[in-house]
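Only one structure is covered here, and it is reproduced in the block below.
The values are calculated or read from the model by the stated rules, or taken from the named source; none is laboratory data. As the structure is a computational prediction, the values presented were derived from the model and not from experiment. Here Cβ is always computed from backbone atoms with ideal geometry, including for glycine, and neighbour counts include all displayed protein chains. Just so you know, the surface numbers come from the protein's heavy atoms only, side chains and all, with ligands and any DNA or RNA stripped out. Shrake-Rupley method; radii C 1.70, N 1.55, O 1.52, S 1.80 Å.
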Amino acid sequence: MTQLAEKAAVFGSALEKRPHGGPRWLDDLRGRGAARFAAMGLPTVRDEDWRFANVAPIGAVDFQPAGPISGTADRLHGFAYTDAAIRLVVVNGRFDPTLSRTRGLPSGVHAGSLAAALKDHADVVQRYFGQLADLNTRSFTALNTAFVDDGAFVHVPEHVSLETPIHIVFVTGAEGSHVMAHPRTLIVAAAGAQATVIESYIGAPGDTYFTNAVSEVFVGENAGIEHYKVQQESTDAFHMAALHAHTSRSARFSSHSFSLGGRIVRNDAGVILDGEGGDCTLNGLYLADRDRLVDNHTTIDHAKAHCGSHEVYKGILGGSARAVFNGKIIVRQDAQKTDAKQTNRALLLTDGATINTKPQLEIFADDVKCTHGAAIGQLDEDAIFYLRARGLSYDEARDMLIHAFAGQVLDGVRLEPLRVSLETELYAQLARDLAEVDKDKNDAGDRRV
């Protein structure tokens, strides 16, 4: 079989089971997604954007579309960051009304099933759906589009400020089966609206499954969206996700991404600042151990003048984990007075951990201020010596420095219950990773106290 035929054959049997029905425009869109994926197949390391991320293991598993699962309520324990939050639960790509909680929404605000919104808010969905997610060049987006059936839909009307966060929980998995889910999220904030949305991705520990998510966010004039993504999939799971945002005049969009699970993880985040005076923040923190891979690709497109962007991504890697960071800032000719800053830092706890980082600036305007920087290294032994000189043990000094490293991103989480939950999970994983590092050093006779 030729390489092209092999690529087209991936998920071939599953594609035959893709959903049909609904509005004609959606069915046509599914068909285009299926055709594009069949033509492109899975990306390979020969593709520049996937040069350091080999996703061949995904194609090696015969994933099939997931159905309903039992015991989902138990899996949600510990993921209610605040009792006041509106909660939408999407199980294997389908909205579950029995596990969701939408009471208390202000008049005019809609948060619920995307499939239901295709009927009840057809004009809004058809106007925005698929406008940002590019299925022509992104094979995983094409695959997601081919399977679009349900997911989450949030619409905040003009000049409504939503005080209560909306928490969307995506659950994927099925005991004893290799399943995949393709959840879709559409968030629309009209002019002057304000909202906070949390996306959580979870699954049962030890399960092997494939989550392929796409989210589109539209922020109207003078509107603001605070977006959080918490990825805590099984460490045997595969997670591909794309987040696309579009801002209008004087709009604000901020994204905070936390990757704490998954065997192979890819996060694509893209923001188009398409109105003067817009502002965006992209922050990310990831933790990987063993032979896991975390790949973050971000693009901030300054299309109009007087916009600002602020980006900080940090990673902590142990074992033989690998990470990729590719951050691109585009400043178009009309985007004068742009102010953009990008920072990428990675902390390697072991000699076997690696990261490939590639900050990029493409500037076509002449009156701008753009900076970027990347730093990769291990723990600062001088700093550890300084702390030990003040009475701390080696472990205490090391832990203090690691926590300070992660703290810059965690401090940006405005929701205290969410920040506490993230700190608890992150530091618990760090403790396990550091125990492995200490064990390896003890075995090598290189333990410092």
Positions within the range 334-384 being β-branched (Val, Ile, Thr), more than 17 Å from residue 294 (Cα to Cα) and not in a strand (DSSP E or B), in sequence order: 338, 368, 384
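Looking only at the range 218-231, which residues are open to solvent by 10 Å² or more (accessible area, probe 1.4 Å) and either out of contact with any Ser or Thr (no Cβ under 7 Å at 6 or more places or on another chain) or of a type in the set (Ser, Thr, Tyr) (or both)?
Initial filter on the range 218-231 (open to solvent by 10 Å² or more (accessible area, probe 1.4 Å)): 218, 220-222, 226, 229.
The one that is open to solvent by 10 Å² or more (accessible area, probe 1.4 Å) and either out of contact with any Ser or Thr (no Cβ under 7 Å at 6 or more places or on another chain) or of a type in the set (Ser, Thr, Tyr) (or both): 218.
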Selected residue (criterion: surrounded by the most Cβ atoms within 10 Å (Cβ to Cβ)) from residues of the range 39-54 that are farther than 21 Å from residue 325 by Cβ and either at pLDDT 95 or above or not small (Gly, Ala, Ser) (or both): 42
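Does residue 274 qualify as being within 15 Å of residue 311 (Cα to Cα) and acidic (Asp, Glu)? Before you say what the answer is, go through the steps one by one.
Working: within 15 Å of residue 311 (Cα to Cα): no; acidic (Asp, Glu): yes.
Spelling it out, it is not the case that residue 274 is within 15 Å of residue 311 (Cα to Cα) and acidic (Asp, Glu).
Against the definition (in contact with a strand residue (DSSP E or B) (Cβ under 9 Å, 6 or more places away or on another chain) and more than 28 Å from residue 412 (Cα to Cα)), how does residue 145 come out, yes or no?
On the way: in contact with a strand residue (DSSP E or B) (Cβ under 9 Å, 6 or more places away or on another chain): yes; more than 28 Å from residue 412 (Cα to Cα): yes.
Yes, satisfied.
Yes/no matrix, rows are residues, columns are (1) among the charged types (D, E, K, R); (2) touching a strand residue (DSSP E or B) at 6+ places or on another chain (Cβ under 8 Å); (3) free of Cβ contacts under 8 Å to residues at least 40 places away in the same chain; (4) closer than 21 Å to residue 238 by Cα:
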| position | (1), (2), (3), (4) |
| --- | --- |
| 112 | no, yes, no, no |
| 131 | no, yes, no, no |
| 138 | yes, yes, no, yes |
| 184 | yes, yes, no, yes |
| 214 | no, yes, no, yes |
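What number of residues within the range 55-86 are assigned to a loop (DSSP other than H, G, I, E, B) and modelled with pLDDT under 65? Outline the logic, then answer.
Here is the first cut: in the range 55-86, the residues assigned to a loop (DSSP other than H, G, I, E, B) are 55, 60-63, 66-71, 76-85.
Checking which are modelled with pLDDT under 65 leaves us with 71, 76-84.
Qualifying residue count, the range 55-86: 10.
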Set 328, 337: member being open to solvent by 20 Å² or more (accessible area, probe 1.4 Å) and within 18 Å of residue 254 (Cα to Cα): 328
Options 418, 422, 426; residue that is surrounded by 13 or more Cβ atoms within 10 Å (Cβ to Cβ) and modelled with pLDDT under 90: 426
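Name the residue, out of 345, 322, 292, that is of a type outside the set (Ser, Thr, Tyr), touching a residue at least 40 places away in the same chain (Cβ under 8 Å) and open to solvent by less than 30 Å² (accessible area, probe 1.4 Å).
Details: 345 fails: open to solvent by less than 30 Å² (accessible area, probe 1.4 Å); 322 fails: open to solvent by less than 30 Å² (accessible area, probe 1.4 Å).
Selected residue: 292, the only one of 345, 322, 292 that is of a type outside the set (Ser, Thr, Tyr), touching a residue at least 40 places away in the same chain (Cβ under 8 Å) and open to solvent by less than 30 Å² (accessible area, probe 1.4 Å).
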Complete set of residues in the range 87-98 that are in contact (Cβ under 8 Å) with a residue 40 or more places away in the chain and assigned to a loop (DSSP other than H, G, I, E, B): 92, 93
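Quick check, is residue 384 touching a strand residue (DSSP E or B) at 6+ places or on another chain (Cβ under 8 Å), free of Cβ contacts under 8 Å to residues at least 60 places away in the same chain and either farther than 20 Å from residue 287 by Cβ or open to solvent by 60 Å² or more (accessible area, probe 1.4 Å) (or both)? Give the derivation first.
Numbers: touching a strand residue (DSSP E or B) at 6+ places or on another chain (Cβ under 8 Å): no; free of Cβ contacts under 8 Å to residues at least 60 places away in the same chain: yes; either farther than 20 Å from residue 287 by Cβ or open to solvent by 60 Å² or more (accessible area, probe 1.4 Å) (or both): yes.
Spelling it out, it is not the case that residue 384 is touching a strand residue (DSSP E or B) at 6+ places or on another chain (Cβ under 8 Å), free of Cβ contacts under 8 Å to residues at least 60 places away in the same chain and either farther than 20 Å from residue 287 by Cβ or open to solvent by 60 Å² or more (accessible area, probe 1.4 Å) (or both).
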Of all residues making up the range 239-257, the number that are surrounded by fewer than 24 Cβ atoms within 10 Å (Cβ to Cβ) and in contact with a helix residue (DSSP H, G or I) (Cβ under 7 Å, 6 or more places away or on another chain): 1
The listed residue being in contact with a Pro (Cβ under 8 Å, 6 or more places away or on another chain) and modelled with pLDDT of 95 or more, out of 94, 30: 30
Members of the range 154-172 that are over 18 Å from residue 88 (Cβ atoms) and either buried (at least 21 other Cβ atoms within 10 Å of the Cβ) or in contact (Cβ under 8 Å) with a residue 60 or more places away in the chain (or both): 158
Within the range 133-153, tally of residues that are aromatic (Phe, Trp, Tyr) and open to solvent by 10 Å² or more (accessible area, probe 1.4 Å): 2
Residues (open to solvent by 20 Å² or more (accessible area, probe 1.4 Å) and not acidic (Asp, Glu)) located in the range 430-449: 431, 432, 435, 439, 441, 442, 444, 445, 447, 448, 449
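Could you list all residues from the range 404-415 that are open to solvent by less than 60 Å² (accessible area, probe 1.4 Å) and part of a helix (DSSP H, G or I)? Break it down into steps so the answer makes sense when it comes.
Going through the range 404-415, the residues open to solvent by less than 60 Å² (accessible area, probe 1.4 Å) turn out to be 405-407, 409-410, 412-413, 415.
Matches in the range 404-415: 405, 406, 407, 409, 410.
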Tabulated pairs, the range 35-52, first more than 17 Å from residue 16 (Cα to Cα) and of a type in the set (Phe, Trp, Tyr), second open to solvent by less than 60 Å² (accessible area, probe 1.4 Å) and part of a loop (DSSP other than H, G, I, E, B), C-beta under 6 angstrom, 6+ apart or interchain: 50/43
Pair list, Cβ < 6 Å and 6+ apart or interchain, from the range 399-426 residues that are touching a residue at least 60 places away in the same chain (Cβ under 8 Å) and more than 20 Å from residue 347 (Cβ to Cβ) to residues that are open to solvent by 70 Å² or more (accessible area, probe 1.4 Å) and in a helix (DSSP H, G or I): none
